[in-house]
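A.B. asks: Quick one: the structure is below, questions incoming.
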2 protein chains.
Amino acid sequence: MPSITRTAPDSEGNRRVVETAVYTAVRTLLDSGAKYTEISVQKILAEADISRSTFYAHFRDKSELLARMGRSLNQRFFDEATADAATIWDAVESPDGLQSITELLAKGVARHREHFSVLAAISETAAYDAAVNDFYTSGLEAFEARVRADLEKRLGSALTDSKLNARISAQVIVWGGEQAIAHHISTEDESQDADFAAELAAIWWYGAYNRRTESS
Amino acid sequence: MPSITRTAPDSEGNRRVVETAVYTAVRTLLDSGAKYTEISVQKILAEADISRSTFYAHFRDKSELLARMGRSLNQRFFDEATADAATIWDAVESPDGLQSITELLAKGVARHREHFSVLAAISETAAYDAAVNDFYTSGLEAFEARVRADLEKRLGSALTDSKLNARISAQVIVWGGEQAIAHHISTEDESQDADFAAELAAIWWYGAYNRRTESS
DNA sequence: CACCTACCGTACACTCTGTTCGACATAGTG
DNA sequence: CACTATGTCGAACAGAGTGTACGGTAGGTG
């Protein structure tokens, strides 16, 4: 038999054992203050206490590892977040959507803070790695579509400035908001979260969702 | 004489020759689509056609190179931008500051687009490199201070929602705005710049500078 | 017991980094 | 013109990290 680079583990169960060990190892390293870029595969191996060959049997490289980590995180974070969005966000057409958005952002910030080290690693790596960027981008694009749809609804009902450009506004809100949240968490204390959520919500609300121009 | 690691060039003139060669080499490589992280020192040497030892006589490493490149760019970009800000921004207390901000952003976006590859490299590298991050951060913090001061002025004159938190708003505006601009440029055509500037300006204006709450 | 699955450990080829140092080219000075 | 200082070149090297290859081994299963 020709030497086929060694097969990857196939049995559902055993797969999880190694991979979660790697995930927690990376989390530990990230939480200890290292940037993902600086963390070598060697350090991950040492921390997870597995061998080099085992690692490469499971992950193609460090990028795929991070992307997979992100995906596994999203299944109980992003999905959870979109669940919130579905319930709360719908109140967006109600008169005080501002409070809805504030609550939504407060939850979002809390979750973001909880997993901050991993999310920061993803955003950091997405800047130069195509695989991670694809993953990162697709997540935000989903939000963008949602925001845009809501803005268009409000435009249709004349609930905001008729000159508002829903597509561009949605981009500003989502991509700028993401960065604003990340920066807030990395520089401010948790005690500021409520104020931050309220302030960001107000900017979104009065700046786009419910924009009242001088003339109106 | 003991071998002191080889002195760095001292004469003003000759210094510039090598360094600008390196700068243009990096710019060429960035413009050709490569991410700064992926660009090895070797490639820079080849592109600039200088030797390894010469490079390290001028720059400590790739990070310092990028930070220096950024600084040299700022002397005729950031400074220029803050000059605009000084003249136009002051109109912020006038009734239609919205138009002032729109113009300011339009110029900012244009400049950002012109030097996009380098600015993207800086933001990309700042995410994991301390030296570049210091540089990147200090630039944005200057803007943040400016925005915050303006917001506080408007608060004092009761020109916006009395409940607005100037500190947090300034952070959202500057850090979120930076990301929004970067994302816009990397995904949208130049023809969209005017609409984008208007939309971002509107969000800033109605969301913070001139926020009108329901009750007022 | 024989077999298979999945991990271990070592070894290896390769790439990149940052340093060192002798050689050389050039320009200014006495 | 000879001397000297300056700055670049080129080659060599140690060290770190990456991804691959493959033989060996423990444990569960039929």
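A short reminder: the numbers here are calculations on the coordinates, not readings from a lab. Computed from a predicted model, the values in this text were never measured in an experiment. With ideal geometry, Cβ positions are generated from the backbone for all residues, glycine too; neighbour counts draw on all protein chains shown.
A.B. asks: Percent relative contact order of the stretch A:71-209, based on C-alpha pairs within less than 8 angstrom and at least six residues apart? Don't jump to the answer; show the numbers that get you there.
C.D. replies: Numbers: 92 pairs, mean separation 43.3, N = 139.
Taking the mean separation of contacting Cα pairs over the length of the stretch A:71-209, I get 31 percent.
A.B. asks: Where the centre of each part is set by its Cα atoms, how far does the stretch B:104-163 sit from the stretch B:193-208, in angstrom?
C.D. replies: Here the two parts' Cα centres lie 15 Å apart.
A.B. asks: Could I ask something else about it? Between copies, how close do the B:Asp79 label points come, placed 7 Å along Cα→Cβ, listed in nm from shortest?
C.D. replies: Spelled out, the distances from B:Asp79's label point are 5.5 nm.
A.B. asks: Pairs to check: A:Lys163/B:Lys163; B:Lys35/B:Lys107; A:Lys62/B:Lys35. Give those whose C-alpha atoms are more than 22 Å from each other in this structure.
C.D. replies: A:Lys163/B:Lys163; B:Lys35/B:Lys107
A.B. asks: Shortest first and in nm with one decimal, please list how far the B:Ser53 label point sits from its counterparts in the other copies (point 7 Å along Cα→Cβ).
C.D. replies: 4.4
A.B. asks: Taking every eigenvalue of the Cα gyration tensor of the protein assembly as shown, multiplying by 5 and rooting it, what semi-axes result, largest first, whole Å?
C.D. replies: Details: eigenvalues 305, 204, 64 Å².
For the protein assembly as shown, the ellipsoid semi-axes come out as 39, 32, 18 Å.
A.B. asks: Decide, for the stretch B:36-88, between rounded, prolate and oblate: order the square roots of the alpha carbon gyration tensor eigenvalues as a ≥ b ≥ c, take rounded if a/c falls under 1.5, and otherwise choose prolate if a/b is larger than b/c, else oblate. Please list the in-between numbers first.
C.D. replies: On the way: a/c = 3.47, a/b = 2.94, b/c = 1.18.
Prolate.
A.B. asks: In nm², what is the average projected area of the convex hull enclosing the Cα atoms of chain A?
C.D. replies: The orientation-averaged projected area of the Cα hull of chain A comes to 14.9 nm².
A.B. asks: Setting aside same-chain residues fewer than 8 positions from B:Lys153, which aspartates and glutamates have a Cα under 16 Å from its Cα?
C.D. replies: Here the aspartates and glutamates satisfying the reach criterion relative to B:Lys153 are B:Asp90, B:Glu93, B:Asp96, B:Glu144, B:Asp161.
A.B. asks: If you don't mind, another one. Summarise the partner chain shielding of B:177-190 as one whole number: the mean count of Cβ atoms from other chains within 10 Å of each residue's Cβ.
C.D. replies: Average per residue, whole number: 4.
A.B. asks: Follow-up. Provide an ascending nm list, one decimal, of label-point separations from B:Arg113 to the equivalent residue in each further copy; define each label point as 7 Å from Cα along Cα→Cβ.
C.D. replies: B:Arg113 label point versus its equivalents elsewhere: 4.0 nm.
A.B. asks: Provide the gained length on full extension for the span B:Lys153 to B:Thr20, in nm with one decimal, where the gain is 0.36 nm per separating residue minus the Cα-Cα distance. Could the numbers behind the result be given before it?
C.D. replies: Details: separation 133, 0.36 × 133 = 47.88 nm, distance 4.25 nm.
In short, 43.6 nm is gained.
A.B. asks: Using Cα-Cα distances under 8 Å and only pairs 6 or more residues apart, what relative contact order does the stretch B:12-59 have, in percent?
C.D. replies: 42
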